[in-house]
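Step one of this worksheet: look at the structure below.
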Amino acid sequence: MPSLFKKNPSPLHVSSPPYWKISSRPVPYEEALRFMEKRVEDIHKGEKAACIWLLEHPSLYTYGTSSNFQEDLRHPTDALPFSLHETGRGGRLTYHGPGQRILYCMIDLKTLSPTPDLKEFVKTLEIWIIEVLKEINIDAFRQEGLIGVWTKGPDQKISKIAALGIRVRHWISFHGICLNIDPDLSHYDPIIPCGIQNFGITSLRELGFSGNSNDIDLLLKKKCPFKSRI
């Protein structure tokens with residue numbers, strides 16, 4: 001897997017692998033946002049290590065900085081079935097809920113390279129998910145010109161399996177990746193996910209995966225490109 005790590009990382013972080021935080025209960029969105037904001041400031045001050053947080057949200061919708069969310073509603077006059085949250089991450093309107101694995105990545109990009117590159121960081125996150133899916137025999141890929149991880153759905157049409165939205169402050173990332181394990185895909189119906197009209201949404205379950213989030217968590221740790229030096 002391509003790596004962003006350089007030969008001479010900051011000595012302060014050479015032996016500082018990320019802290020893995022795993023939540024067993026659905027985490028309200030505002031609670032997650034408060035944690036990330038605080039962690040970013042603590043990392044910036046040198047008080048905390050990088051953190052990768054694995055969690056699930058209750059059903060809700062979020063929208064990022066790339067659009068007005070109303071542009072991504074299929075029926076603008078209809079009320080959404082779940083709460084809507086504005087967020088400072090990149091990207092557009094999407095759904096979060098039970099059956100997804102959320103990976104929030106709070107990582108100081110300056111420890112990956114003396115010249116931090118957000119596009120390369122996003123690419124590394126995408127490849128991370130692709131490598132995880134390879135372990136369960138799902139062929140996933142990056143789609144030119146689009147953000148996220150893609151695969152062919154049961155109908156053999158290209159569909160998104162993982163969405164990605166990042167925000168950076170002091171060159172420290174937060175927000176992250178949303179991987180569909182077994183969500184109720186009908187909750188995407190009221191929206192145009194990420195503003196993309198021409199591709200569908202799929203899940204690991206729809207592709208035949210019979211495991212659960214614990215199985216995916218083990219693979220995420222196994223294939224993590226940030227095992228040290230951050």
Quiz item: Taking K and R as +1 and D and E as -1, what net charge do the other residues with C-beta under 12 Å from the C-beta of C178 add up to?
Solution: +2
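What does the extension gain come out to for S210 and I192, with contour length at 0.36 nm per residue minus their alpha carbon separation? Before the final figure, lay out the partial values.
Working: separation 18, 0.36 × 18 = 6.48 nm, distance 2.76 nm.
Going from the current span to full extension adds 3.7 nm.
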Self-check item: Angle between the chain longest axis and helix 29-44 axis [Cα atoms, degrees, rounded to 10]
Solution: 20 degrees
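Structure shown: which of K123/K152; K119/K157; K21/K160; K119/K221; K134/K221; K157/K223 lie over 18 Å apart, alpha-carbon to alpha-carbon?
On the way: K123/K152 20 Å; K119/K157 26 Å; K21/K160 26 Å; K119/K221 22 Å; K134/K221 14 Å; K157/K223 27 Å.
Result: K123/K152; K119/K157; K21/K160; K119/K221; K157/K223 exceed 18 Å.
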Quiz item: With a sphere of radius 9 Å drawn around the Cβ of G165, what net charge do the other residues whose Cβ falls strictly inside it have (Lys, Arg +1; Asp, Glu -1)?
Solution: +3
Quiz item: Any idea how far apart L218 and E37 come out in nm if each label point goes 7 Å out from Cα toward Cβ?
Solution: 3.8 nm
Self-check item: Angle between the chain longest axis and helix 213-223 axis [Cα atoms, degrees, rounded to 10]
Solution: 40 degrees
Quiz item: E86 versus I136, label points 7 Å from Cα toward the beta carbon: distance in nm?
Solution: 3.6 nm
Quiz item: Can you give me the Cα centroid spacing of the stretch 151-177 and the stretch 97-130 in angstrom?
Solution: 10 Å
Quiz prompt | the stretch 87-230, dipole about Cα centre (Lys/Arg Cβ +1, Asp/Glu Cβ -1), debye to the nearest 20 | solution = 520 debye
Quiz item: Where Lys and Arg each count +1 and Asp and Glu each count -1, what net charge lies around F35 among other residues with Cβ under 13 Å from its Cβ?
Solution: 0
Quiz prompt | Set of aspartates and glutamates with alpha-carbon distance to K222 below 19 Å, sequence-local pairs under 8 removed | solution = E126, E131, E135, D139
Practice problem: For Q143 paired with E47, estimate the spin-label separation in nm (one decimal), with each label point 7 Å from Cα along the Cα-to-Cβ line. | Solution: 4.2 nm
Quiz item: Do any GluC sites (Glu not before Pro) in the stretch 25-112 lie in a loop, going by DSSP, with at most 16 other beta-carbon atoms within 10 Å of their beta carbon, and if so which?
Solution: E47
Practice problem: Could you calculate the contour length gain from E30 to R74, that is, 0.36 nm times the residue separation minus the distance between their Cα atoms, to one decimal place in nm? | Solution: 13.3 nm
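Since every read-out is calculated from the coordinates, none of them should be taken as a lab result. Bear in mind that the values here come from a model prediction, so they are computed numbers and not experimental data. FYI the Cβ positions are ideal-geometry reconstructions off the backbone, even for glycines, and counts take in every protein chain you see.
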